[in-house]
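Q: Can you keep this structure in mind? I'll have questions shortly.
Laboratory data are not the source of any read-out in this text; all were calculated from the coordinates shown. Just so it is clear, the model here is predicted, and its values are computed rather than measured. We place every Cβ from the backbone using ideal geometry, glycine too, and count neighbours over all the protein chains shown.
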Amino acid sequence: MFFLKNMKFYGSIYKYTIQYQKTNFLIFFLIFINMKLLINDNLFKCKVCNTPESITKGMMKRKFDGFDCMVFLMPEKKEQQFWMYDCLIPLDIVMVNDNVIETINPNCLPCVDSTNCEYYEGFGNVVLEFEGGTCDMLGIKVGDKIKMSVN
């Protein structure tokens, strides 16, 4: 199994440092086929968003079908802002900085009026979305470490 150690964005290409058997490899990817996420003892099957289009669309007009978590690989490490416009279900929006959970915005409610949507913020280079209530139910908290693996 490979583990994602580091990620940098260069134009439209992501440079990933992958660790396999304690050896680091640089790999350039545009997309992942399958990804799994481990938080504490919880393993999630993920859908990855790593293009501007997929990051913008996110969970708009969709439910978790065939995956447990959406992972947004952000082009920059900075304060991130997400909203719930056109989402169908409440979500936990989790901001991650260098594989450590920085902020959990629990049970964010969908909104249908783009002029009156609340923004959910936090610092990091990865954003996770789970079905609302998942973090509370599984005991996921600020300071927990995450591990991402590519199959």
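Residue-wise test of (1) within 19 Å of Lys61 (Cβ to Cβ); (2) basic (Lys, Arg); (3) surrounded by 17 or more Cβ atoms within 10 Å (Cβ to Cβ).
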site: Asp86; (1), (2), (3): yes, no, no
site: Leu91; (1), (2), (3): yes, no, yes
site: Ile104; (1), (2), (3): no, no, yes
site: Val112; (1), (2), (3): yes, no, no
site: Gly124; (1), (2), (3): no, no, yes
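Q: Starting from residues that are part of a helix (DSSP H, G or I) and touching a Cys at 6+ places or on another chain (Cβ under 9 Å), keep the ones in region 36-64 and report whichever is surrounded by the fewest Cβ atoms within 10 Å (Cβ to Cβ).
A: So the residue we want is Thr56.
Q: Could you tell me which numbered condition Val112 fails, if it satisfies all but one of (1) hydrophobic (A, V, I, L, M, F, W, C); (2) closer than 21 Å to Lys45 by Cα; (3) out of contact with any Pro (no Cβ under 7 Å at 6 or more places or on another chain); (4) in contact (Cβ under 8 Å) with a residue 24 or more places away in the chain?
A: So Val112 meets the others, but not (2).
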